[in-house]
Amino acid sequence: MISFEQVTFHYPGAERPALADVGLHIGEGELCLVTGATGVGKSTLLGAVNGLVPRFTGGRLRGRVSVAGQDTAHYPPQEFAHLVGVVGQDPLAGFVTDTVEDELAYGMEQLGLPSDVMRKRVEETLDLLGIAELRRRALRTLSGGQQQRVAIGSVLTAHPRVLVLDEPTSALDPTAAEEVLAAVVRLVHDLGTTVLLAEHRVERVLQYADRLLHLVGDGTVRDGPPAELMADSDVAPPVVRLGRLAGWRPLPLSVRDARRAAGPLRKRLARSAPAAAAPTAGKTLLTGARVTVAYGGTIAVREVDLELRAGEVVALMGRNGSGKSSLLWALQGSGPRRSGTVDVLGSDPGKVSARAARALVGLVPQTASDLLYLETVDAECAQGDTESGTAAGVSRALLDSIAPGIPGDRHPRDLSEGQQLALVLAVQLGAAPGTVLLDEPTRGLDYRAKARFTEIVRRLAAEGRAVVVATHDVEFVAGAADRVIVMAEGEIVADGPTAEVVVSSPAFAPQVAKVLAPDPWLTVEQIAAALAAAAEEATA
Ligand SMILES: Nc1ncnc2c1ncn2[C@@H]1O[C@H](COP(=O)(O)OP(=O)(O)OP(=O)(O)O)[C@@H](O)[C@H]1O
Ligand SMILES: Nc1ncnc2c1ncn2[C@@H]1O[C@H](COP(=O)(O)OP(=O)(O)OP(=O)(O)O)[C@@H](O)[C@H]1O
């Protein structure tokens, strides 16, 4: 269905190829998962399938890419629309209409499908993705996850023979991610759709993949059965790392496989317990009381009470559209707040100047890169110093402590996502806020970048700040958060220590907890430490 014949691709001016001599033959009805660290070329590989690479990116492509026997070099991407459906990383950028229903119908209109077929497929897709109640909403008023669902739906309605999905679950809550993937798998099984899917949260997708394409970093692709490649892949989800640690053969790819193998491990861990939770939190830095946020008649946050204390990392979780972003913006002061109070060390950040608010509460928004608009990293840092009213060099020094070695003359656009996140965070921290709010910071980060980011967040808390991270990333929460707050329909429905909130939750439990429940283990690192301690005790 898709073939790459000796494909080598260079971006304009690039010395090293983004794709190097790639040869692939993907059959009809295969679901291929594309993995690899940030910047290895996953999006480039995906873009080559419908000819966006090199047609819109420029650069030099040698070799041949074809879909259903048609060479992508000979047809513009529009001509492939009936064959290949593409969902890119940024849903908002891909929308061509204004409302949910129009967007779902657009692709079918372009193909000239009869209106009764269109009606039926729109209805099916609204249900499939759980967005029926949003049908008449303007796209730009949707939450991040709601937008991502519409973007996926708008491609599914056209029933393309090939689906190309670039991080399709990055903004989805865990349950929605499962549902969307189940829908994709159904297309593969029932219609023989061929799927090429890139994802950093491999734990969400691995069990559905027929085949793995792993980009190693030099432009080449390792291609094979998931179980085989996972034996030594540097991009491995927790169940695989747990399997390697415990010596399980065959390696588990799903929680279910791992549970079956876990009996002996449970016994080995019987006399251990996870290392004690983080130290108790310090003084209260922020108090919100009866905070309510509404957009016209829609209540997004309803009478929320919460306290944030120095030294704690709090994960804010909950379904798409449950009010997490709205709450963060209201606490920071620049978002709307219909009623209620926010108190940060005696001041209300909503009632002071923007500069004063920055010194009380820092906020790194969902698309951090939107805040970067200057030509160089140094210019962004200097601007940050001015906006925060601090001495020159403060933001730059913070950046070096968070992510050392980023060249000052680099264009922010040319930084990796992790580096952009670090830059925005450094600029926010320049104002020395005691409370730091981060909206979905781990989107687009590979496992290594996420581990580094976890250390950063822990350090911010250890320095006496309160850190809140709104996130759908259950594995990140397991490793980084002391406390979890769960929102539903604008209200707080759970609030407590991480293990207590997530261990028995079908939606929020990390893989290790699912494998070993009801024992309160959360991460592979905890298990490794416990096994090492037990081994030491045995030899002593
Ligand atoms: N338009 C462009 N011009 C020049 N270089 C580019 C362009 N787009 C991407 N690159 C570079 O090509 C390499 C591959 O990028 P690509 O976006 O395919 O990686 P990726 O694996 O999808 O990364 P991520 O996981 O961060 O999405 C990166 O080093 C990137 O900086
Ligand atoms: N400008 C707006 N106009 C109307 N409704 C809005 C607007 N902004 C957000 N909403 C709605 O308010 C609710 C809460 O949105 P919010 O972005 O706070 O959710 P969220 O929990 O952060 O979601 P996600 O996990 O998808 O990012 C959603 O139902 C959303 O559609």
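Quick note: the coordinates plus some simple rules give every number you see, no bench work behind them. As the structure is a prediction and not an experimental result, all values here were calculated from the model. Note that we place each Cβ from the backbone using ideal geometry, even for glycine, and neighbour counts take in every protein chain shown.
Before moving on, here are some points about what is shown:
- The range 337-374 - residue that is without any contact (Cβ under 8 Å) to a residue 40 or more places away in the chain and in a helix (DSSP H, G or I) and, of those, nearest to THR287 (Cα to Cα): PRO349
- The range 72-86, residues that are part of a loop (DSSP other than H, G, I, E, B), touching a residue at least 24 places away in the same chain (Cβ under 8 Å) and of a type outside the set (Phe, Trp, Tyr): THR72, PRO76, ALA81, HIS82, LEU83
- Screening the range 20-50 for residues that are part of a strand (DSSP E or B) and more than 24 Å from the chain's Cα centre (by Cα) and picking the one that is nearest to ligand 2 (Cβ to nearest atom) gives ILE26.
- Some residue of the range 318-336 being of a type in the set (A, V, I, L, M, F, W, C), more than 16 Å from ligand 1 (Cβ to nearest atom), out of contact with any Lys or Arg (no Cβ under 8 Å at 6 or more places or on another chain) and part of a loop (DSSP other than H, G, I, E, B): no
- Single residue of GLY444, GLY405 found to be part of a loop (DSSP other than H, G, I, E, B) and within 14 Å of ligand 1 (Cβ to nearest atom): GLY444
Yes or no, residue by residue, for (1) part of a strand (DSSP E or B); (2) surrounded by 21 or more Cβ atoms within 10 Å (Cβ to Cβ); (3) out of contact with any Pro (no Cβ under 8 Å at 6 or more places or on another chain):
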{"site": "GLN207", "(1), (2), (3)": "no, no, yes"}
{"site": "GLY219", "(1), (2), (3)": "no, yes, no"}
{"site": "ARG222", "(1), (2), (3)": "yes, no, yes"}
{"site": "LEU245", "(1), (2), (3)": "no, no, yes"}
{"site": "PRO250", "(1), (2), (3)": "no, no, yes"}
{"site": "ARG290", "(1), (2), (3)": "yes, no, yes"}
{"site": "VAL293", "(1), (2), (3)": "yes, yes, no"}
{"site": "ASP305", "(1), (2), (3)": "yes, no, yes"}
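- Residue identified as touching a Gly at 6+ places or on another chain (Cβ under 6 Å), within 16 Å of ligand 1 (Cβ to nearest atom) and touching a residue at least 12 places away in the same chain (Cβ under 8 Å) among ALA449, ALA422, ALA461: ALA449
- Any hit, the range 461-478, residues being in a helix (DSSP H, G or I) and surrounded by fewer than 21 Cβ atoms within 10 Å (Cβ to Cβ): yes
- Matching entry among THR141, THR175, THR157, THR194 (being among the hydroxyl-bearing types (Ser, Thr, Tyr), over 18 Å from LYS42 (Cβ atoms) and away from ligand 2 (no atom under 16 Å from the Cβ)): THR157
- Cβ-Cβ under 8 Å pairs, at least 6 apart or on other chains, the range 30-49 side without any contact (Cβ under 8 Å) to a residue 40 or more places away in the chain, far side more than 16 Å from ligand 2 (Cβ to nearest atom) and outside any loop (DSSP other than H, G, I, E, B): THR44/PHE9; THR44/LEU19; THR44/VAL53; GLY47/VAL53
- Filter pass, ALA158 being within 16 Å of ligand 1 (Cβ to nearest atom) and outside any strand (DSSP E or B): no
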